[in-house]
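One structure below.
What follows draws every value from the coordinates through simple rules; no lab data is involved. On a predicted model such as this, the values are computed, not experimentally measured, just so you know. Note that each Cβ is placed from the backbone with ideal geometry, even for glycine, and that neighbours are counted across all protein chains shown.
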Amino acid sequence: MAKSSLLPRGFKSNSEKISLDFRRKLNLQPHDPLCGFELASYLKIAVFSATEFFPEGTNISSLVGTKTKDKGWSALTMKTSKNNTIIIHNHLHAPTRQQSNLMHELAHVICKHEYSVDNIEISIPNLMRKFDKQQEEEANYLGSALQIPREALLWALKEKMQKQEIAEYFNASPQMVTLRINSTGVKSQLNYLDR
């Protein structure tokens, strides 16, 4: 049985438009890769790694997980005391995962999702927002569209690029490429066009 989507009607197509719109604003072509750090800079959102954000002496490895197993939290968005939005991310994740993490957090900001913070101690678990399932699904879809827009994916497949090539081109994981192929229906469109 297919999992029902929490996404509002039209959210997917709007996400694709948002992704292309940001590329246009950054003087990129629809099929050009978009760096999460550059998008954050454009949106005037400071991005910090855990080592930059936490004071000297903080046990960073207990906060971010181990590098070899790529475990631990991914990223979080929060407001500073001056009401500036910042993102703190797990710099020990692979570069492709960091891009995905950033795009997910930026999607929360773009969607104007509200989040709550239980307390402001300097510790990652205490800064993590309470998850809202619909907001997470929205951030997952928009974040993945920001990283690999449907139009760009269609272009790459028409260029006969393999999944690994697409992943490298967009600084994404092969799993992200598979997710985008499955969630956008581009293969069905290509099969239809090949008839």
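Overview of values
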item	result
Pair S41, T80: separation of 7 Å Cα→Cβ label points (nm)	1.7 nm
Residues with amide H under 5 Å from that of F48, placed H, sequence gap 5 or more	I87, I88, H89
Point-to-point label distance, K112-E136, nm (Cα→Cβ direction, 7 Å offset)	2.4 nm
Extension gain (nm, one decimal) between F48 and D21, 0.36 nm per residue minus Cα-Cα	7.2 nm
Sorted peptide list for 98-109, 12-23, criterion being average Cβ within 10 angstrom, highest first	98-109, 12-23
